[in-house]
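Take a look at the structure set out below.
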Amino acid sequence: MAGKDYVAMIRAKPEDRQDHGVKGMKWGVRRSSSQLKVEAAKRGEAKPASSSSTEHHGSETSQARYARLKAQAKAGGASSMSQEDLKFFNARTEAVAKVNKLNETNPGWLKTTTKTVLQQAAQRQMQAVADGIAGKYISDPILAALKDNSAAVAAESSTPVNYLGKHRAKKK
């Protein structure tokens, strides 16, 4: 596998280079939000539209924010939530539902599984009994009657009168 990586590096062209990061970013340097705001102001960038809602949630924990938004949604105030709040609330609600589903216990699973298995076994057994009865009392007599009937039909067709009657019927 290392050989394939080496070949790819040899065939790489300068225009294939990919940069990851922000222009002017220095690796390993972390800046606070106030430093980022000062630098954005120096560059002439405007504040983001949702800055008021981010400032509102700055000291609020995720759990407290979710509880506040949940209460607001239950009270019918979901239409007044910001786009950021709606996204957060929906994502958190889906995540909580998934975790609850993973952790749920179903005490009746054994009962329902056992019931399903027994129903399937009973159905297979009843089908086997029905097939046996059909084979013994219905199929065998019908096959025997067909064999007897075919012998009678063969005997009829060998008589000259019947042959002529069939021949005349075909001409009409």
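The values are calculated or read from the model by the stated rules, or taken from the named source; none is laboratory data. Note that the structure is a prediction, hence the values are computed from the model and not measured. Reconstructed Cβ throughout: ideal geometry from the backbone, glycine too, with neighbour counts over all protein chains shown.
Regarding residue 121, is this residue surrounded by 10 or more Cβ atoms within 10 Å (Cβ to Cβ), part of a helix (DSSP H, G or I) and modelled with pLDDT under 65? Walk me through it before giving the result.
Details: surrounded by 10 or more Cβ atoms within 10 Å (Cβ to Cβ): yes; part of a helix (DSSP H, G or I): yes; modelled with pLDDT under 65: no.
No: the conditions fail for residue 121.
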Exercise for review: State all residues of the stretch 50-78 that are assigned to a helix (DSSP H, G or I) and modelled with pLDDT under 85; if no residue qualifies, say none.
Suggested key: 51, 52, 53, 54, 55, 56, 78
**Study point:** Counted residues, the stretch 82-137 - those being of a type in the set (Phe, Trp, Tyr) and closer than 14 Å to residue 66 by Cβ
**Key:** 2
Review point. Does the stretch 89-98 contain any residue that is part of a helix (DSSP H, G or I), farther than 30 Å from residue 72 by Cβ and among the hydroxyl-bearing types (Ser, Thr, Tyr)?
Key: no
